[in-house]
Each structure stands twice: as C-alpha cells, then as structure tokens.
Amino acid sequence: TDAVVSVRELQVEFPTQIGVVRALNGVTFDVPRGRVLGIVGESGSGKSVTARAILRIIERPGRITNGDILFRPGVEKKGGGRATKRNRGRTGAVKEAAPEAGTTDGSDTATRAPAETSQGVVDLTSLDPTGDRIRAIRGQEISMIFQEPMTSLNPVYTVGDQIAEAVLLHQTPDRNEANKRAVEMLRRVGMPNPERIAKSYPHQLSGGMRQRAMIAMALSCTPTLLIADEPTTALDVTTEAQILELMRELQDEYGMSIMFITHSMGVVAQLCDEVVVMYLGRVVERAPVDDIFHDPKHPYTVSLLRSIPRIGVNRGTPLEVIKGSVPDPYSTVPGCPFHPRCPSAMKGLCDTVLPVEAPVEGKPDHNVRCHLYPGSTPAEAASASAAA
Ligand code: SF4
Ligand code: MG
C-alpha cells in the first residue's frame, strides 16, 4: 500500500543529568495515504515524541539517534504556494507552532545521505531542523494540531485574519478572496456564525470553537498529512464527537492522510482505519482497526480495549484501569517492557527476552510483539527455552 510517511527503526533520546532516556526505541510503522492512522497508548508511550520527530520539533537536548522518516509528498499540490519572505511574518511564525532556531533537536545532518531522492522521497531525519526545507514542509505539507489550540493560535490577531494568512500563503494571492475563504473554512468546520467568528480573537471563543478554528487553520494549507495530537482530550464528549465527525468528513473531502494521536480506544473506534499501539517507546501491535477491535493479540491492546466506557453500562462508574502504571522511563525493564503488568507473562521468558515484532499468521498487515505468538521470540531464545 501507498504510505505517505514510513517511520523506520526510529530512536529518540533525551540526555538528562541522571542518564539517557530513550523515548523511542526502534519505532516502525506506515501512515497510509488518504486514511486515518490512530496512534494509541498511555502517556509516556512515545506518541507525541513520534509526532514531534516527524515535524523535527523535538526540544533540545532530545535528538533522533537512529532510524529514518521517509516522507512521500505524492500528488502535486494545486496553487503552488511556495514559502516566500512575506510568509514568514504574522501567522507564518505561529503556524510552525514551535521551533525557533536553536530549540530543535541537533541530529547531525552533515554525515547523512542527501535528503531527497529522484522519486521525491524525503528522509525527514536528514533535514536541518531549522532549515528552509523542513519549514516549508511544516507550513505546506504536514500540519499539526494540538490539544491546546492557544499554542497555535496567535492571541493578537483575529481568527479570520490568521486563517486568511494561511490561505494567502497556499491558495490565492488575493486578499479579499482569502478573507472570503477564511469565512468559508469556518463555516465548513461547523461554526454557527462564521462572519462573526472571523472577527473574533481566540480568547473570545470557547475551547470547542478554538479547536474548530485551529482545524480550519490547519486545513487551509491543504496539507498532505495532518497530525493531530489529542486534539479533543480537553473537550466535552458531545463536542469531541462533533470534532471527530468533522475530521472524518474533511478527510474524505480533501483526501488527506491523518495521524491521530489518542489515549482513547473509543476515539480510535470512531475515527481510525488503521491503528498503531505503543508502549514505552515501542510499537507493540499494529493492524487495521477491525483486527484491533475484533482480534486483538497483544495483552496490552486487550487491556486498553477493556478500559473503553460502555454507554449505559458503566456510565458514572470508574473505568477499569490497567493494573500498575507505566514504569519510570529511567529504569530499563529487562525482557518484554509490559511484563510487570501483564496477566499472561511467562517466567523465564517474558522477564528476560525482548520479543520482536512479527506478522500474525495469515494476516500480513497485522503485526504483534509478544512471546505468546511464535514469530515474536527470537530463534536463539526459542531454542534455549525449549532445551531448558
Ligand atoms: Fe505479556 Fe510476555 Fe507478551 Fe510481554 S511478551 S505482553 S509479558 S505475554
Ligand atoms: Mg502526548
């Protein structure tokens, strides 16, 4: 299948005074083109770090220490708005959302292969994190929306002006036309009175409205890939459902790819086509959404599924929580990182041997990393435990 982004063996480390934290430890997955990929896991699993690595906005001193992130822009974008000097003002800086020079990770670009191949594939890990190429990609090809819209919306400009600025950059050079399209985008994301909202400042809007405004802004550059990092977590259930439905509609309409980060299997069920389950900086299972819900393999995935609230059944009662908590990232768990919490852990195997990712039998697009499944136990370990 056609992947818009292929993450391969990605490793990200944060040196600290008491040791190196490996936030990502060999992460591999594809973001399928024109579909919604869900990245699910508890906090500390590496979901946000993965997103930030793709955009090259990992905070110093964190850095990518291994792996590739292959980006395939694909279809030629209409409008052809390449970044120019005037784009750097106003919302240009806001839209990039984070990095000023010197705040991004310092991967050594000099020793790496050329960034772009003849097929137009870009290895994002080889780009200078403060350079023009990644800035252009962040502005035009890959947009990101965050849990807190105020981190991307500029408080001193009206919502309409900020969206119009993105439209000017990517769709039309005509200011009046851009203003009209900004209002249209606001209507499109379900704003009740888009003309009035366009003239509002971010602080005048509710959380749900701000989130819609941010989505409108992210979409106004018609990105190839939209990365959404828990964009609905701070919203009430009704607003969340509306936003998810909206994203699904817009995804269909624009044909873009979405990478949606969440800790909620309920959100995954509503929105996603494919799912990557992460635990402690590793991918433990990845599969089409139906397999995740109807034929989950990894014990961690199974426990996440049990934590979904059932409306009418246990509304108002506490969710079932997974036993134990995510281990301290400073400590290295030997064997399978999930073994201290796993109800199926096998003594002498799970606590000593790290399982590898392997395809589930008969399902080439379903992968799992767990000793319960034969392909996951490295050959030497398998024969050693058979001999014992
Ligand atoms: Fe549980 Fe062992 Fe599988 Fe890890 S490898 S998830 S401890 S059964
Ligand atoms: Mg996060």
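Since every read-out is calculated from the coordinates, none of them should be taken as a lab result. Fair warning: this is a prediction, and the values are worked out from it, not measured in the lab. When we count neighbours, we look across all protein chains shown, and the Cβ atoms used for this are built from the backbone with ideal geometry, even at glycine.
The figures follow:
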{"item": "Linear extension gain, GLU184 paired with GLU245, 0.36 nm per residue minus alpha-carbon span", "result": "20.1 nm"}
{"item": "Mean Cβ neighbour count within 10 Å, used as a protection proxy, ranking 371-384, 246-259 highest first", "result": "246-259, 371-384"}
{"item": "Cα-based reach from LYS363 at 15 Å (exclusive), listing aspartates and glutamates while leaving out same-chain residues under 8 positions away", "result": "GLU274, GLU285, ASP290, ASP291, ASP295"}
{"item": "Whichever aspartates and glutamates have a C-alpha closer than 18 Å to that of LYS180, once near sequence neighbours (fewer than 8 apart) are set aside", "result": "ASP161, GLU165, GLU195"}
{"item": "Gain on full stretching of the segment that runs from GLN17 to VAL333 - 0.36 nm per residue minus C-alpha separation", "result": "111.8 nm"}
{"item": "Qualifying aspartates and glutamates (Cα of each under 12 Å from Cα of LYS47; at least 8 residues distant if same chain)", "result": "ASP229, GLU230"}
